[in-house]
1. Relative to a virtual label point 7 Å from the Cα of Glu116 in the Cα→beta-carbon direction, which members of the range 73-92 show backbone nitrogen distances below 13 Å?
2. Which ³J(HN,Hα) values, rounded to whole Hz and listed in residue order, are derived for the range 128-135 from phi using the Karplus coefficients 6.51, -1.76 and 1.60 in 6.51 cos²θ - 1.76 cosθ + 1.60 with θ = phi - 60°, glycine and proline given as x?
3. Spin-label point model (7 Å from Cα, Cβ direction): what's the Thr78 to Val31 distance in nm?
4. Please pull out the direction-averaged projected area of the chain, using the convex hull of its alpha-carbon atoms, in nm² to one decimal place.
5. Kindly provide the helix-only [θ] at 222 nm of the chain, computed as the sum of -39,500 (n - 2.57) over DSSP H runs of four or more divided by all residues, to the nearest 500 deg cm²/dmol?
6. What distance in nm separates the simple spin-label points at Val149 and Val108, each placed 7 Å from Cα in the Cβ direction?
7. Treating the beta-carbon of each Lys and Arg as +1 and of each Asp and Glu as -1, no other charges, what is the dipole magnitude of the chain about its Cα centre, to the nearest 20 debye?
8. Cα-based count: Lys pairs in the range 36-142 below 18 Å, eight or more positions apart or different chains?
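What follows draws every value from the coordinates through simple rules; no lab data is involved. The structure displayed is predicted, hence computed values, not measured ones. All Cβ positions, glycine included, derive from the backbone under ideal geometry; neighbour counts span all protein chains shown.
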Amino acid sequence: MRKPAGILALLTIIGLFLGWSIGTFFTGVTVAKVVASIPASPIVTEVSYNRKKHQLTYSMLNPGGMPLTIIQESFVFTPGSKTKEKGYVVSNIPVKVTLPPGVVTKVVLKLKPGTEKLEIGDGILATFTYITPLSSDLYTIVHPFKMGVSNKATVQSTQKGGEK
């Protein structure tokens, strides 16, 4: 009588192990698909100013698992102490730039034609509006840039509300 009980115990253990393995596999695959379909917000990794073309080039990383499309740019120019230019706002600039997942993409922001070149201390607060393939909602990312100041210092100043 020990042999049938031993075989039954062995089959039970094998069945449990097999069920656990199959369940883990399908759960992992499902979770991976769900995580890959969650759109992430673009991350600005670098900003550079091209004085000759009078434009800013933003390097943006899409850390998500699906492409994002920038459909609109806007920006606010704030003059520094060395500039004679007055502050201005340019909004609703239509663009179509696709940010593939896991790739750094260059996004160009052309400044207002006929205005002075940026001087040290001038600030640009850029807003990028983007969409995802999963919804018709609009999302925005806002990035501060101050000419001649490192990105880290600009972000810290913005977080403190511009206080010095």
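1. 78-88
2. Rounded to whole hertz, the list is 10, 9, 9, 10, 10, x, 8, 8.
3. 4.3
4. Directional mean of the projected Cα hull area for the chain stands at 14.8 nm².
5. Details: 2 runs with 44 residues, N = 164.
Helix-only estimate at 222 nm: -9500 deg cm²/dmol.
6. 2.8
7. Numbers: 18 positive and 8 negative charges, 63 e Å.
Once rounded to the nearest 20, the dipole reads 300 debye.
8. 16
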